[in-house]
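Here the structure is laid out as structure tokens; the discussion comes afterwards.
The values are calculated or read from the model by the stated rules, or taken from the named source; none is laboratory data. A quick note: this is a predicted structure, and the numbers were derived from the prediction, not measured. Here Cβ is always computed from backbone atoms with ideal geometry, including for glycine, and neighbour counts include all displayed protein chains. The area values use the complete protein model at the heavy-atom level, side chains included, leaving out ligands, DNA and RNA. Shrake-Rupley method; radii C 1.70, N 1.55, O 1.52, S 1.80 Å.
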Amino acid sequence: MIKPKHLLDTIDLSREEMLELFETIRMLKKADAQGAVPQLLKGATLAMIFEEPSTRTRVSFETAMTDLGGHALYLKPGEIHFGSHEAIQDTARILSSMCDGIMLRSKEHETVLKLAGHASVPVFNAMTYYNHPTQGICDFFTMSEHLPAGKKLEDLHVVFVGDSRQDTGIMSKETGHMCATLGLRYTVCSPTRYSMSEQEQAKIREKMVQTGGTLVVTDDVDAAVCDADFIVPDVWTYYGYESEEADRMAAFMPKYQLNMDMLNRAPTHCKALHCLPANREVEITSEVLDHPTRSLVFQEAENRLHTQRGLLAWYLYPRMKQANESLRQYNEGHMRAFLDAVL
Ligand code: CP
């Protein structure tokens, strides 16, 4: 079967492809623990375009490329002509001719789709204000490592608490896409004004018809968390939405804050995730974030690196020209002879 070329939306992957990705991440994580990550991407280059700030995504992609024997170019706003002085399709074409993959973080989802539409190498969506596929894959890989006793991945009930509005609410949609692809039970819990759009619910439910997942949308926190296996919050106010901060605080605080009171209303095995960066004492308390047994937040953050290695290997390795050592040696001798003669 032909693998998808780009990683734009996790709902586009099949359950089998997602499980294959998890296995790739698991194998490379084990290799890392042995100090023996294979150089699968030797000589490869990843162009990383960041239109928005990043700590985890930037560091994990760059480190993962280095670990796999490749190289990453960090291209921050103003450093290349992307989107301002050069059409996106031209940048896509140029980078495709020089690099083996392109990673883009952009506020506008359309920008990532347009880039991918014109790129001949794989494009990784490193977060838009619509979704965050590399984070979603990391989160569910982390859950798969911490399954409640007696439960399999397909038995999980994942609960998102917070903003699920269409133009923000990034992790509410991403978590929904992952639950849809894996066929899981998903509850998204938000104040009514910040609820998931009908259009988004329809998209998730359409995929769930094929995979066996279920979606519940509610504003009732108790009903949502009472049998949750994992609770996923996200920030309440995004970059560019600061003017809404007071309204948002009034809508979410204190009912939708992930604190020990909320966690104690869930089963004792229920664990907290958070993609970070977190606003401590706002959408999540430090008591939960730093909890030694109920929080997976920092294991989740470390897994960004293991996940990026797996994603890069899965998407880029099959498309790379494999090194031909004897031809390389022949070319080296031939070129040296030529240059020694002419210089
Ligand atoms: N979770 C996440 O994407 O973190 P960064 O914004 O630091 O990359």
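Just so you know, in segment 269-295 the residues that are over 16 Å from Phe160 (Cα atoms) and not in a loop (DSSP other than H, G, I, E, B) include one that is most open to solvent (accessible area, probe 1.4 Å), and it is Glu287.
Is it the case that Thr24 is among the hydroxyl-bearing types (Ser, Thr, Tyr), surrounded by 16 or more Cβ atoms within 10 Å (Cβ to Cβ), closer than 14 Å to Thr307 by Cα and within 16 Å of the ligand (Cβ to nearest atom)? For Thr24, the condition - among the hydroxyl-bearing types (Ser, Thr, Tyr), surrounded by 16 or more Cβ atoms within 10 Å (Cβ to Cβ), closer than 14 Å to Thr307 by Cα and within 16 Å of the ligand (Cβ to nearest atom) - is not met. Any chance segment 308-317 includes a residue that's within 16 Å of the ligand (Cβ to nearest atom), within 30 Å of Cys99 (Cα to Cα) and open to solvent by 10 Å² or more (accessible area, probe 1.4 Å)? Checked against the condition, which is being within 16 Å of the ligand (Cβ to nearest atom), within 30 Å of Cys99 (Cα to Cα) and open to solvent by 10 Å² or more (accessible area, probe 1.4 Å), segment 308-317 yields no hits at all.
For segment 255-268, the set of residues classified as part of a loop (DSSP other than H, G, I, E, B) and farther than 14 Å from Asn279 by Cα consists of Lys255, Arg265, Ala266, Pro267, Thr268, listed by residue number.
For segment 233-283, the candidate set comprises residues that are under 21 Å from Asp139 (Cβ atoms) and acidic (Asp, Glu); within that set, the residue that is farthest from the ligand (Cβ to nearest atom) is Glu283. Of the set (1) of a type in the set (S, T, N, Q); (2) under 19 Å from Met127 (Cβ atoms); (3) buried (at least 17 other Cβ atoms within 10 Å of the Cβ), all apply to Gln166 but (3). The residues in segment 7-56 that are in contact with a strand residue (DSSP E or B) (Cβ under 6 Å, 6 or more places away or on another chain), within 21 Å of Lys321 (Cβ to Cβ) and of a type in the set (Val, Ile, Thr) can be counted, and the count is 1. If I ask for residues that are in a loop (DSSP other than H, G, I, E, B), within 9 Å of the ligand (Cβ to nearest atom) and open to solvent by less than 60 Å² (accessible area, probe 1.4 Å), which ones from segment 44-78 would you list? Passing the criteria: Glu52, Ser54.
For every residue, the table says whether it meets (1) in contact with a helix residue (DSSP H, G or I) (Cβ under 7 Å, 6 or more places away or on another chain); (2) over 26 Å from Ala33 (Cα atoms); (3) modelled with pLDDT of 95 or more.
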| position | (1), (2), (3) |
| --- | --- |
| Leu276 | yes, no, yes |
| Glu287 | yes, yes, yes |
| Pro292 | no, no, yes |
| Glu300 | yes, no, yes |
| Leu305 | yes, no, yes |
| Tyr315 | no, no, yes |
| Arg319 | no, yes, no |
| Met335 | no, yes, yes |
| Ala341 | no, yes, yes |
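Checking Phe61, Phe50, Phe22 one by one, the residue that is farther than 17 Å from Thr128 by Cβ, of a type in the set (Phe, Trp, Tyr) and modelled with pLDDT of 95 or more is Phe22 and no other.
Could we say that Thr187 is of a type in the set (S, T, N, Q) and either over 27 Å from Val282 (Cβ atoms) or in a loop (DSSP other than H, G, I, E, B) (or both) here? So Thr187 fails the test. Selection of segment 92-133 for residues being open to solvent by 60 Å² or more (accessible area, probe 1.4 Å), away from the ligand (no atom under 16 Å from the Cβ) and either under 21 Å from Met65 (Cα atoms) or not aliphatic (A, V, I, L, M) (or both) yields Arg93, Ile94, Ser97, Met98, Glu108, Glu110, Lys114, Gly117, His118, Ser120. For Val221, the criteria (1) closer than 24 Å to Phe61 by Cα; (2) open to solvent by less than 10 Å² (accessible area, probe 1.4 Å) hold in every case but one, which is (1). Within segment 77-102, residues that are more than 11 Å from Ile49 (Cα to Cα) and acidic (Asp, Glu) sit with their Cβ atoms under 9 Å from residues that are assigned to a loop (DSSP other than H, G, I, E, B) and open to solvent by 60 Å² or more (accessible area, probe 1.4 Å), at 6+ positions apart or across chains, in these pairs: Asp90/His81; Asp100/Gly43. The set of residues in segment 304-343 that are within 21 Å of the chain's Cα centre (by Cα) and of a type in the set (Lys, Arg) comprises Arg304, Arg309.
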